[in-house]
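Let me begin by presenting the structure, written as structure tokens, before commenting on it.
Please treat every number below as a calculation from the coordinates, not as lab data. Please read all numbers here as calculations on a predicted model, not as lab measurements. Heads up, the Cβs are rebuilt from the backbone with ideal geometry, glycines too, and the neighbour counts pull from every protein chain shown.
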Amino acid sequence: MSYSVTHGIVKLKNEFIKNHATRSIVREVIPLSYSTLVPIAEQTLSRINDFVNCNPIYVESEDIHLFDIPCRAYLGDINDYWLDSKKHDANYQPFYPTWMLSAYALALGAKLLGFKDIVDIGSGDGRIAYCGKLLGLRSVGIEIDSKLTILQQAISALADVEYEIHQADATKFAYDSLHLSRPMFFISGLPEWGDMLASSAIPRIMEISELRECSGFNFMGSHIMKEYSRDKTGWGWGKIIEMYHLKIKKCITLPTCWTNDQKIDTAYVFTTTQ
């Protein structure tokens, strides 16, 4: 299994932030053509850029070169969506997106592990589900916030990339209604908040006999534990992983908007039920 694309994305990010202020803003970069550093087909890169161009959270762009690779740098503003997403009692983390390249790498990771479906729990603007669709996976986004759900629908229509969008509370969602075959569930929340989401959603999924032995769960973790972190094991998810008898398959490190100004990026932990 090759995850060379993840190393290239991190290297590209570190080069990008040398000359671009990133603190407290959404700023990221996407190549415009294939390279050995970020080995993603040019047609796919074009569709990844389409998502950003159809997404109103991005307000500026400029063409740059990094490692002699033509790229497009984007600046975004999520304040309206961030504030709106905080109003829900069952929203365990306000909207704060990962990089688009990271979303693609996560969907690719699920595919490389043999999964057929992606279900993004707390899907925000839908970027992981969108990238899953580009990779030929059945993709489902579950988002509690109506404004973000409408945003997903608009981006999907403008970019002409269709996936399943549900406005729903993931802690009460009827997962059996999806009729999934081999799903990877993405828990979109860092350990401090996401553990409550995971503790509500995972039991609902595991009680479905068809999913109990064939599902995977991906957790957003951290390489650096805070002094008062409740769980300092398993990138912040050790107790949840142990509680539900999950097996760690892979941990990959990828850029996110909240690690733009940090040297160490976000840990994404792939686990399976068998």
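Numbers for the structure displayed
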| read-out | value |
| --- | --- |
| Qualifying chymotrypsin sites (Phe, Trp or Tyr not before Pro) for segment 150-179 [loop in DSSP, other Cβ within 10 Å: at most 12] | none |
| Rounded to 5, percent antiparallel among DSSP beta bridges of the chain | 60 |
| 3J(HN,Hα) from dihedral phi, segment 259-265, Karplus parametrisation 6.51/-1.76/1.60, rounded to Hz, x for glycine, proline | 10, 4, 9, 10, 6, 10, 8 |
| Angle in degrees between helix 100-112 and the longest Cα principal axis of the chain, rounded to the nearest 10 | 50 |
| ³J(HN,Hα), Karplus 6.51/-1.76/1.60, whole Hz, each residue of segment 61-74, x for Gly, Pro | 8, 8, 8, 9, 10, 10, 6, 6, 9, x, 9, 10, 9, 10 |
| Structure-based [θ]222 nm, the chain - -39500 (n - 2.57) summed over DSSP H runs of at least 4, per residue, nearest 500 | -10000 deg cm²/dmol |
| Spin-label pair Lys232/Gln274, simplified geometry with 7 Å Cα→Cβ offset, distance in nm | 3.7 |
| Spatial separation of Cα centroids for segment 122-186 and segment 243-274, in angstrom | 20 |
| Measure of compaction for segment 98-146 (Cα Rg per 2.2 N^0.38 Å) | 1.03 |
| Long-range amide H partners of Val161 with built H, under 5 Å | none |
| Amide H partners (placed H, <5 Å) of Leu66, local residues excluded | Cys71 |
| Förster radius 41 Å - calculated FRET efficiency between Asn19 and Ser209, Cβ distance, rounded to 0.05 | 0.15 |
| Phi to ³J(HN,Hα) by Karplus 6.51 cos²θ - 1.76 cosθ + 1.60 over segment 137-147, Hz, x for Gly, Pro | 8, 5, 10, 10, x, 10, 9, 7, 8, 5, 5 |
| Those GluC sites (Glu not before Pro) in segment 197-232 that DSSP places in a loop and that have at most 15 other beta carbons within 10 Å | Glu207, Glu213, Glu227 |
| Peptides 123-131, 35-43, 238-246 ordered by average Cβ neighbours within 10 Å, highest first | 123-131, 238-246, 35-43 |
| Distant-in-sequence amide H partners of Lys232 (H built 1.01 Å from N, under 5 Å) | none |
| Under the Debye formula (equal points on every Cα, no solvent term), log10 I(q)/I(0) of the chain at q = 0.07, 0.14, 0.15 Å⁻¹ | -0.22, -0.96, -1.12 |
